[in-house]
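To start, the structure under review is shown below, and the notes come after it.
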Amino acid sequence: MEISRTWYLSIIRACPYSQSRIENGKSSSHLGWTVELYSWRLDPNLSGTSDLDYLGQLALHLTDEISRSPNSSELYFRRANAYLDSGRFQDAIDDYTKAIDLSPLDAIFFNNRGIAHRYMGDFNSAVADYDQALLLNPEYRDAFTNRGVVYADMGDLDSAVSDFDMAIELDSEFWFAYSQRGLALWALGRREEAEADYARLRELQS
């Protein structure tokens, strides 16, 4: 199967990997963060609410919380995530920046701001944010993956593969990194390696 670089880049841009921290969740083994178990879509009181309506309500609630706790980096971070998910990318960048100003050593804040910069088409700022996230946490799997996606956006597929390699080295079962590396390898003409990644991806998702 032949694959054009244009098609490849349109696919690889589809799924940036963001990070959130939720209380009362399950710890993630590789970094000790928590992963949300609660899904508002399954809540009978909220299941009829659209994504954008829910995110708008969440942003308003967090705005009220911020007015009472203006020095909480976590509140700015959570509102930024709501803005990011609702497509308000500049608002997300502004709030991630406020969170970073308050807590400049939090790698997750830089990672998520990088995602917002990427959606705005500012690839250089996105890479700079992922670089800083990795400086703060050299074992940050998702920052390697996200930076690899941006390198692919920029046409630097070799650097993208190197970052996906690092993500897989950190987490050998991270399906998303295999999917992105497979696309990059295929676009580079390294078909056997790409097919091996696709096979591993099918194994992980079976």
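The values are calculated or read from the model by the stated rules, or taken from the named source; none is laboratory data. Because the structure is predicted, anything quoted here is derived from the model rather than measured. Counting neighbours? That spans all protein chains shown, and the Cβs are built from the backbone with ideal geometry, glycine included.
Taken over region 161-197, the criterion of being of a type in the set (Asp, Glu) and under 22 Å from the mean Cα position of the chain (by Cα) is satisfied by 163, 165, 169, 171, 173, 197.
Yes/no matrix, rows are residues, columns are (1) closer than 16 Å to residue 144 by Cβ; (2) part of a helix (DSSP H, G or I); (3) modelled with pLDDT under 95:
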residue	(1), (2), (3)
168	yes, yes, no
173	yes, no, no
178	yes, yes, no
184	yes, yes, no
189	no, no, no
193	no, yes, no
196	no, yes, no
200	no, yes, no
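Restricted to region 81-92, and to residues that are touching a Leu at 6+ places or on another chain (Cβ under 9 Å) and at pLDDT 95 or above, which residue is surrounded by the fewest Cβ atoms within 10 Å (Cβ to Cβ)? So, considering only residues that are touching a Leu at 6+ places or on another chain (Cβ under 9 Å) and at pLDDT 95 or above, the one surrounded by the fewest Cβ atoms within 10 Å (Cβ to Cβ) is 91. Screening residue 120 on (1) within 30 Å of residue 155 (Cβ to Cβ); (2) crowded, with 16+ Cβ neighbours inside 10 Å shows it passes everything except condition (2). Within region 96-121, the set of residues being more than 25 Å from residue 63 (Cβ to Cβ) and without any contact (Cβ under 8 Å) to a residue 12 or more places away in the chain comprises just one member, 121. When region 124-158 is filtered for residues that are without any contact (Cβ under 8 Å) to a residue 12 or more places away in the chain and within 21 Å of residue 172 (Cβ to Cβ), only 138 remains. Please work out if residue 105 is surrounded by fewer than 21 Cβ atoms within 10 Å (Cβ to Cβ), over 14 Å from the mean Cα position of the chain (by Cα) and at negative phi. Against the criterion (surrounded by fewer than 21 Cβ atoms within 10 Å (Cβ to Cβ), over 14 Å from the mean Cα position of the chain (by Cα) and at negative phi), residue 105 qualifies.
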